[in-house]
């Protein structure tokens, strides 16, 4: 024992031993992200508890039982290399910009000057979108909690936070419009549209159904490859374009800014898809199979996009559907994936 | 003009809708929400204990990040760390190895709130919790990584939870349970209310004060900055407790009583030795017992009273344990020092012993003679006699060594039989934790159970050390190379 102990000596390390032979100095992002999931030790239960407790059964069933094959989940990297520090710095800048917009356009009487059709678009689509964002927030947090690697989990954490940003900005604009336009804005109310407007229903259905996908790979696909990219295109990107076309520049600019978050989410999502496809030859088929299983939901969302965003002076409904469908296909195609057929 | 937060905040949390395409009970299964018998509309009364907007959050946190970084940069240039007392370093190793991964786990716990909590108000607050905990894990990692060049033990900040080291497994067994296995309600009571709002106050405030006194301004600053976040998000436990007290007070009482005892045992292991033995004598502010009495006992009693809960049934035994349990734990940890990934300070030089006698009037009677024997062995050049030859028996609830949990040398056997297996405990209180919820602890072998089952080969201490991931470059040894024992020769 003393012999063992006496061999102890002070010797510095250059970086975490967990990197093994990295062959270079790790980045700050890697230093604070690497190998921070302790529940994936080979041969051990995920949690330091008996095999029959809820947490272990859940992780074994819904994470470890998935069909994606990945030899080393810690090899994935977020192309944006987001850390907590870079996230709050970047988002503070974005929020400062948006705050400036809100102040400037309020002084210019933006909301008083909105046409009926512009106000209708905001009342029918922008205001109820906070329910959608809350759904995406729940879905994103689930992607985090079962993620097999901290590199993936942390991306989902920031995506979750992005959704709360969107919820609060939608609530802010809704409140402003209510104060300026009164009953024109409050009747019949955002929740009514979200629950009853036929154009919203396919989106609500997709969110509700997605919330029942507990296997991690299916949850990732239905959230990050189907529901979020499609609804981001429709209710952020296209809505912004429609808002601009009908003379609601404040909302157009806010939505353009929110779309930066959507694009960051898409960058890590498709970097992960690319990583998965490269990790094992069977993974592409698994992803495609999952995508296909959500085909009906996706088609519903796409088909309703035109009706949801229809407004005189804006892009015509069919053109909206085509724009969104082609943008979505363009995301999937480079990875050998196709939008669900049928 | 910009709106005030309170103008729009209500709308931002008005997010409930009526599910019509799926069954809401499947979306929010009771097994994760923890809603249990609480009626669905009761959660309408759940009120955020604080309000924060995303806009304010990123602005304030960006400033805080800048502040921590600025101090860190200035100090790393000044080489402050290399000048610190080596015993103080043990606190840093222990704290970082024992809690950095817990911060990362807490992201997932908060994420569970975001997904499954029974009200959107709570689900929204969970987002800030996720971000906060990401910050804490990353601050710890960045801080420790910077120090790898001076000490490889900081590698255990990241590595510890990927090993089988016995103390880390005990920490993991507790936090895996209350953070990652618990439903939202239980996690809020056990983690937010009991651990974060109670015990981490002490861990962070006390360690920050000690670190500052020891000259480790960088770490002190980091701990204090983390504490400002903890103090905010720990409040999530209160509204949950308020709802539960209306509808299911027995569940609240039991969850809190179990969590309080398990936290006590863990902090007797992590914080007790750090405060009363590793912190250099001249820099000690309060003893562990004093801190427990002021920060935990008063605080916990007040919360219990405010919400109409009873004191835990074991309260008197808990108070009694404050006098001795962490001294037993310290003695055991020092004795088993080759199984640690840091160098513990024995902390019993003549001067330190005088401090211990003053703070703990029975210390000399209870522990003095054991240390006297250790001192005699060291002075006789027989260090091997101060080292272990076997492994201790571990408790099936706390996974900590059995012996001395409530009083020194209390070796009465506490065991239960469940489904044909015998489980052993460090105290009658841990036995109670098991008996009220045996499925939670059953079929989970301790390190020693695994050793006896032949999972660890070769079946000797070096085999166990290798299995625990203890390598020669981090293996624990007396931090002052027994200089304190030699002081007695001249005394």
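The values are calculated or read from the model by the stated rules, or taken from the named source; none is laboratory data. Keep in mind it's a predicted model, so treat the numbers as computed, not measured. Backbone-built Cβ (ideal geometry, glycine too); neighbour counts: all protein chains shown.
Of all residues in the range B:7-37, those being modelled with pLDDT under 95 and more than 30 Å from the chain's Cα centre (by Cα) number 1. Any residue at all in the range B:62-78 that is facing chain A (nearest Cβ under 10 Å) and at pLDDT below 85? Yes; the residues of the range B:62-78 include at least one that is facing chain A (nearest Cβ under 10 Å) and at pLDDT below 85. The residue pairs whose first member lies in the range A:73-88 and is at positive phi, whose second member is not in a loop (DSSP other than H, G, I, E, B), and whose beta carbons are closer than 9 Å, counting only pairs six or more residues apart or on different chains, are A:81/A:28; A:81/A:29; A:81/A:30. Quick one: is residue B:325 at pLDDT 95 or above and more than 28 Å from residue B:258 (Cβ to Cβ)? No, not satisfied. Scan the range B:143-161 for residues that are assigned to a helix (DSSP H, G or I), without any contact (Cβ under 8 Å) to a residue 40 or more places away in the chain and more than 11 Å from residue B:96 (Cβ to Cβ) and the total you get is 0.
Do you know which residues across the range B:107-120 are assigned to a helix (DSSP H, G or I) and crowded, with 24+ Cβ neighbours inside 10 Å? Listed by number, the residues that qualify are B:107, B:109, B:110, B:111, B:112, B:113, B:114, B:115, B:116.
Name the single residue that is nearest to the other protein chains (Cβ to nearest Cβ) among those in the range A:83-111 being more than 20 Å from residue B:64 (Cβ to Cβ) and touching a helix residue (DSSP H, G or I) at 6+ places or on another chain (Cβ under 6 Å). Within the range A:83-111, the match that is nearest to the other protein chains (Cβ to nearest Cβ) is A:98.
Taken as a whole, the structure leaves residue B:167 outside the set of residues that are over 25 Å from residue B:145 (Cβ atoms) and in a helix (DSSP H, G or I).
Is it fair to say residue A:184 is away from chain B (no Cβ under 11 Å) and part of a helix (DSSP H, G or I)? Considered against the rule, which asks whether it is away from chain B (no Cβ under 11 Å) and part of a helix (DSSP H, G or I), residue A:184 comes out as yes.
Kindly indicate whether residue A:250 is within 14 Å of the chain's Cα centre (by Cα) and in contact (Cβ under 8 Å) with a residue 60 or more places away in the chain. No; evaluated as a whole, the condition is false for this residue.
Results for (1) under 21 Å from residue A:74 (Cα atoms); (2) crowded, with 24+ Cβ neighbours inside 10 Å, shown as yes or no for each residue.
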{"site": "A:205", "(1), (2)": "no, no"}
{"site": "A:217", "(1), (2)": "yes, no"}
{"site": "A:223", "(1), (2)": "no, yes"}
{"site": "A:235", "(1), (2)": "no, yes"}
{"site": "A:240", "(1), (2)": "no, no"}
{"site": "A:271", "(1), (2)": "yes, no"}
{"site": "A:277", "(1), (2)": "yes, no"}
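Quick one: in the range B:459-469, of everything that is within 11 Å of chain A (Cβ to nearest Cβ) and part of a loop (DSSP other than H, G, I, E, B), which residue is nearest to the chain's Cα centre (by Cα)? That would be B:469.
Just so you know, in the range A:187-203 the residues that are touching a helix residue (DSSP H, G or I) at 6+ places or on another chain (Cβ under 6 Å) and part of a helix (DSSP H, G or I) include one that is farthest from residue A:146 (Cα to Cα), and it is A:193. Among the candidates A:212, A:164, the residue that is within 14 Å of another protein chain (Cβ to nearest Cβ), under 25 Å from residue A:143 (Cβ atoms) and in a loop (DSSP other than H, G, I, E, B) is uniquely A:212.
Let's see how each residue does on (1) under 25 Å from residue A:142 (Cβ atoms); (2) more than 11 Å from chain A (Cβ to nearest Cβ):
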residue: B:1; (1), (2): no, no
residue: B:7; (1), (2): no, no
residue: B:13; (1), (2): yes, no
residue: B:18; (1), (2): yes, no
residue: B:22; (1), (2): yes, no
residue: B:29; (1), (2): yes, no
residue: B:33; (1), (2): yes, yes
residue: B:38; (1), (2): yes, yes
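Does the range B:133-141 include one or more residues that are at negative phi, more than 8 Å from chain A (Cβ to nearest Cβ), more than 18 Å from the chain's Cα centre (by Cα) and crowded, with 24+ Cβ neighbours inside 10 Å? Within the range B:133-141, not a single residue is at negative phi, more than 8 Å from chain A (Cβ to nearest Cβ), more than 18 Å from the chain's Cα centre (by Cα) and crowded, with 24+ Cβ neighbours inside 10 Å. The C-beta contact set for the range B:470-481 (first residue in contact (Cβ under 8 Å) with a residue 12 or more places away in the chain and at the interface with chain A (Cβ under 9 Å from one of its Cβ atoms), second residue assigned to a loop (DSSP other than H, G, I, E, B) and surrounded by fewer than 22 Cβ atoms within 10 Å (Cβ to Cβ), distance under 6 angstrom, 6+ apart or interchain) comprises B:473/A:11; B:475/A:8; B:477/A:8. If you go through the range A:49-82 and pick out every residue that is in contact with a helix residue (DSSP H, G or I) (Cβ under 6 Å, 6 or more places away or on another chain), more than 8 Å from chain B (Cβ to nearest Cβ) and farther than 23 Å from residue A:157 by Cα, you end up with 1. Checked against the criterion of being modelled with pLDDT under 95 and surrounded by fewer than 20 Cβ atoms within 10 Å (Cβ to Cβ), the candidates B:458, B:438 yield just one match: B:458. Output the residues belonging to the range B:40-53 that are within 11 Å of chain A (Cβ to nearest Cβ) and in contact (Cβ under 8 Å) with a residue 60 or more places away in the chain. Once the filter is applied, which keeps residues that are within 11 Å of chain A (Cβ to nearest Cβ) and in contact (Cβ under 8 Å) with a residue 60 or more places away in the chain, the range B:40-53 yields only B:52.
Of all residues in the range B:98-105, none are closer than 21 Å to residue B:36 by Cα, part of a helix (DSSP H, G or I), more than 10 Å from every other protein chain (Cβ to nearest Cβ) and in contact (Cβ under 8 Å) with a residue 12 or more places away in the chain. A count restricted to the range B:435-458 and to residues that are touching a helix residue (DSSP H, G or I) at 6+ places or on another chain (Cβ under 7 Å) and more than 10 Å from chain A (Cβ to nearest Cβ) stands at 5.
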